[in-house]
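A.B. asks: Handing you this structure, nothing more for now.
The values are calculated or read from the model by the stated rules, or taken from the named source; none is laboratory data. Here the structure is a predicted model, which is why all the values come from computation and not from measurement. All Cβ positions, glycine included, derive from the backbone under ideal geometry; neighbour counts span all protein chains shown.
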Amino acid sequence: MKIKDGYMLRKVAGNSIVVAVGKAALDFNGLITLNSTGVFLWKMLVQGAAEEELLTAILSEYEINEATAKTDIAEFIEKLKGADLLA
């Protein structure tokens, strides 16, 4: 999985937000605010990480059980798909 081209993660007033740039800005006219876990996953998805890689990384970075991590990752991915941000 990979984040589509044209979407950038930026820090604005202490918040991490995703904004559309270039041609992507024509189709997407909003902002997405991410918490620290969302930023962590976003950065991995920019590099094209698979869902299993996300799970492994989350489990090593945060104190969370595997079932909760899988659910959280799936929800995050579904939100990105719903916003049409994944290639």
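A.B. asks: Return the pairs, sorted by first residue and then second, in which the second residue is in a helix (DSSP H, G or I) and of a type outside the set (Val, Ile, Thr), the first residue lies in the stretch 32-53 and is within 14 Å of Asp72 (Cβ to Cβ), the beta carbons are less than 7 Å apart, and the residues are 6+ apart or on different chains.
C.D. replies: Leu34/Trp42; Gly38/Phe76; Phe40/Glu61; Leu41/Leu54; Leu41/Phe76; Met44/Glu53; Met44/Leu54; Met44/Ala57
A.B. asks: Only one of these conditions is not met by Arg10: (1) under 11 Å from the mean Cα position of the chain (by Cα); (2) part of a strand (DSSP E or B); (3) of a type outside the set (Ser, Thr, Tyr); (4) surrounded by fewer than 16 Cβ atoms within 10 Å (Cβ to Cβ). Which number is it?
C.D. replies: (1)
A.B. asks: I would also like to ask the following. Among the residues of the stretch 56-86, write down those that are in a helix (DSSP H, G or I) and either closer than 17 Å to Lys4 by Cβ or under 13 Å from the mean Cα position of the chain (by Cα) (or both). First the steps, then the outcome.
C.D. replies: Narrowing the stretch 56-86 to residues in a helix (DSSP H, G or I): 56-61, 66-82.
Listed by number, the residues that qualify are Ile58, Asp72, Ile73, Ala74, Glu75, Phe76, Ile77, Glu78, Lys79, Leu80, Lys81, Gly82.
A.B. asks: So which residues in the stretch 21-45 are over 8 Å from the mean Cα position of the chain (by Cα), of a type in the set (Gly, Ala, Ser) and modelled with pLDDT of 90 or more, if there are any at all?
C.D. replies: Passing the criteria: only Ser36.
A.B. asks: Quick one: how many residues across the stretch 62-82 are loosely packed, with under 14 Cβ neighbours inside 10 Å and either closer than 30 Å to Asp27 by Cβ or touching a Phe, Trp or Tyr at 6+ places or on another chain (Cβ under 7 Å) (or both)?
C.D. replies: So the answer is 7.
A.B. asks: Okay, next question. Considering every residue within the stretch 33-41, establish whether at least one is touching a Leu at 6+ places or on another chain (Cβ under 7 Å) and either assigned to a loop (DSSP other than H, G, I, E, B) or exposed (fewer than 13 other Cβ atoms within 10 Å of the Cβ) (or both).
C.D. replies: No: the stretch 33-41 contains no residue that is touching a Leu at 6+ places or on another chain (Cβ under 7 Å) and either assigned to a loop (DSSP other than H, G, I, E, B) or exposed (fewer than 13 other Cβ atoms within 10 Å of the Cβ) (or both).
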